[in-house]
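A quick write-up on the structure given underneath.
The values are calculated or read from the model by the stated rules, or taken from the named source; none is laboratory data. In this text the structure is predicted, and so the values were computed from the model without any measurement. Note that we place each Cβ from the backbone using ideal geometry, even for glycine, and neighbour counts take in every protein chain shown. Side chains included, ligands, DNA and RNA excluded: accessible areas come from the protein's heavy atoms. Shrake-Rupley method; radii C 1.70, N 1.55, O 1.52, S 1.80 Å.
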Amino acid sequence: MLLNSKGNKHRRPSKAVRIATLAGVTGAAIAVPLMGATGASAASVSTWDAVAQCESGGNWSINTGNGYYGGLQFSQSSWAAAGGTQYAARADLASKSQQIAVAEKLLDMQGPGAWSCAGAGNLSNDGVDPGVDTGSSADKAEAAPKKAERTEAPATNRSERSVAPSKKTVTTPTGEKVKKGDGEYKVVTGDSLSKIAADHKVKGGWKHLFELNKDIVKHADVIFPGQQLHLVK
C-alpha cells in the first residue's frame, strides 16, 4: 500500500493478467494504475467491503501467516506507517472501522493501485467520507467468526441453519457459487494448493491436500478465496 522511501508498496503489485498455474486460484485481475495522492482521498464503506471480499473473502480478522493481515491485507510496515498501531499491533487485531480508517490514509498517500483488488471494488479517490467510528468495537465482533452465536442456537434449528446459502457457498469472480467447505484453513487471494501445502507442511503435498478436499475442490488447479480447506483428516 504505502510507498516508503525505497518505493516499496503495501501489497504485491497488481497484474493485468493472472495466469492460473497448477493448484492456483482462479479470478479476474484488473490492473489499476498507481494514482497520485490527493487531499480528499476517501471511499465508501461498501467500496472497502468489496475490496476486502476480494482480498480476504471479507474476513476482517484474518491472519494466515503470509505477511498480510486483516480484511484489506495490510503488510505490517504499511499498517505502522499509516498510524494503524495506534489501534492495534496488527491489522487483523483491529476493528473493521479502524482498518478502514487506516486504509483511507494509505489511499490518500498512495492511491488505489496499492491494492491488487482495487478493481473489484471500483476503488477510487472519490472523496466520499465513510464515516467510520474507530472507537467502536461492535464491528470487530462482526468481523470475528461468530462461534458463540452458533453454539447458543438450539440444536433443533439444524434444518434452518442448513438452508443458509451464504454459509455454505462462495461466490467466484464470475458470479458462480461453489462449495465453501468447513476446513480449518481459509483460502485467500494468491493461494494455491501447492503453496498451502508447502506453507503448512502438509504430508503428501498438494496431491494429498487435493484428496482431502475433493468434496469442494473439483479441479486441483482451481480454488477460490473464501473456501475453507482441511489440512489434515
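Check region 64-75 and report whether any residue there is open to solvent by less than 10 Å² (accessible area, probe 1.4 Å), part of a strand (DSSP E or B) and touching a residue at least 12 places away in the same chain (Cβ under 8 Å).
Yes: region 64-75 contains one or more residues that are open to solvent by less than 10 Å² (accessible area, probe 1.4 Å), part of a strand (DSSP E or B) and touching a residue at least 12 places away in the same chain (Cβ under 8 Å).
Name every residue in region 194-232 that is under 17 Å from the mean Cα position of the chain (by Cα) and in a helix (DSSP H, G or I), in order of residue number.
Selection gives Lys195, Ile196.
Please enumerate the residues belonging to region 89-111 that are out of contact with any strand residue (DSSP E or B) (no Cβ under 9 Å at 6 or more places or on another chain), part of a loop (DSSP other than H, G, I, E, B) and open to solvent by 10 Å² or more (accessible area, probe 1.4 Å).
Passing the criteria: only Ala89.
Return the residues of region 205-230 that are surrounded by fewer than 18 Cβ atoms within 10 Å (Cβ to Cβ) and under 16 Å from Asn63 (Cβ atoms); say none if nothing qualifies.
Gln228 - this is the single residue of region 205-230 that is surrounded by fewer than 18 Cβ atoms within 10 Å (Cβ to Cβ) and under 16 Å from Asn63 (Cβ atoms).
Starting from region 98-124, keep only residues that are closer than 20 Å to Gln86 by Cβ and touching a residue at least 24 places away in the same chain (Cβ under 8 Å), then list their pairs with residues that are buried (at least 22 other Cβ atoms within 10 Å of the Cβ) and of a type in the set (Phe, Trp, Tyr) whose Cβ atoms are within a distance under 7 Å, requiring at least 6 positions of separation or different chains.
Taking only residues 6 or more apart or on different chains, the pairs are Gln99/Trp60; Ile100/Trp48; Val102/Trp79; Ala103/Trp48.
When you scan region 200-223, how many residues do you find that are under 14 Å from Lys179 (Cα atoms) and touching a residue at least 60 places away in the same chain (Cβ under 8 Å)?
Counting residues in region 200-223 that are under 14 Å from Lys179 (Cα atoms) and touching a residue at least 60 places away in the same chain (Cβ under 8 Å) gives 2.
Being surrounded by fewer than 18 Cβ atoms within 10 Å (Cβ to Cβ) and out of contact with any Gly (no Cβ under 8 Å at 6 or more places or on another chain) is the filter; apply it to region 191-204 and report the residue that is farthest from Gly65 (Cα to Cα).
Here the answer is Gly204.
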